[in-house]
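Presented below is the structure to which this report refers.
The values are calculated or read from the model by the stated rules, or taken from the named source; none is laboratory data. Just so we're clear, the structure is a prediction, and the values are computed from it rather than from any experiment. Here the Cβ positions follow ideal geometry from the backbone for every residue, glycine too, while neighbour counts run over all protein chains shown.
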Amino acid sequence: MEAFLDLAASGRVSPAELTTHRFPVDDAAKAYDVLTGHGGARSFGILLEYPASLAHRPHTVRLAARPVVRETGVGLVGAGAFARSTLLPSLMAAGASLVAVTSETGLTAADVASRFGFARVADSVADVLDDDTIGAVVIATRHSSHAALAAAALRAGKATFVEKPLALDRSELAEIEAALSHDSVLMVGFNRRFAPHVTRLRDVFDGVGDLVLTMRVNAGPLADDHWLHDPQEGGGRLLGEGCHFVDLLAT
């Protein structure tokens, strides 16, 4: 897909020339007939066209009709690879009641909800935060949105788990501090401090005194245009990834 997008961006491939059929979205059934070859029609590229201005209509997709005990459910904001591969399996193993999931892409949220057993797909972040059956919110979006979402969840009175980094600058950190109250629960996903080898090292060196620690990290290569390199969106490798190891050494 990335190679195709590069070709399209450079003009070496014209998607318009690959389109053989166009249908209004209301005629999607006809498009499917063409796609499957019914009636002898042959197709290469089929586009479904939506109205130029489509009013936003909040819509909640309910997937499970099971009771949820008030304020014990979990809401997920962001449904990317890390949430799917690590956070959600851990929540399921812990027996968490998965209530609602929302993401930037509704189809992704629907897929995650179906695979992991969420009760519903939420229409928005506000939909998650306004749900009284949700007591804890897990934030697994891109770095630039962590602080604002965490602050909103705290103001809504939710126990909040946010993936690292908590914030990208001091102003974002100040927003979170302003949202905290005496009974707030906030945790950042610094998971390396809980690794079995780390806990073993901590036991071995317990009581030894002040240690001098040196750490070298190979976090793996990233493409030059990867969003993590963007200081506004990802914060760069130090804020976006190095914070894990600063936390590890500090604890």
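Brief remarks follow.
- Helices (runs of 4 or more DSSP H) contained in region 121-186 and holding at least 3 residues closer than 17 Å to GLU104 by Cα and touching a residue at least 24 places away in the same chain (Cβ under 8 Å): 125-129, 146-155
- Residues located in region 93-109, provided they are under 25 Å from GLU233 (Cβ atoms), in a helix (DSSP H, G or I) and of a type in the set (A, V, I, L, M, F, W, C): LEU107, ALA109
- Region 67-115 - residue that is polar (S, T, N, Q) and modelled with pLDDT under 90 and, of those, surrounded by the most Cβ atoms within 10 Å (Cβ to Cβ): THR108
- Within region 187-213, the only residue that satisfies the criterion of being assigned to a loop (DSSP other than H, G, I, E, B), surrounded by fewer than 16 Cβ atoms within 10 Å (Cβ to Cβ) and within 24 Å of the chain's Cα centre (by Cα) is ALA195.
- Counting residues in region 186-208 that are at pLDDT below 90, among the charged types (D, E, K, R) and either closer than 29 Å to GLY135 by Cα or in the same structural domain as LEU154 (by TED's automatic domain parsing) (or both) gives zero.
- Any hit, region 210-219, residues being free of Cβ contacts under 8 Å to residues at least 60 places away in the same chain and either closer than 21 Å to LEU91 by Cα or among the small types (Gly, Ala, Ser) (or both): yes
- Selection count where residues are more than 17 Å from THR141 (Cβ to Cβ), touching a strand residue (DSSP E or B) at 6+ places or on another chain (Cβ under 6 Å) and surrounded by 15 or more Cβ atoms within 10 Å (Cβ to Cβ), scope region 167-186: 0
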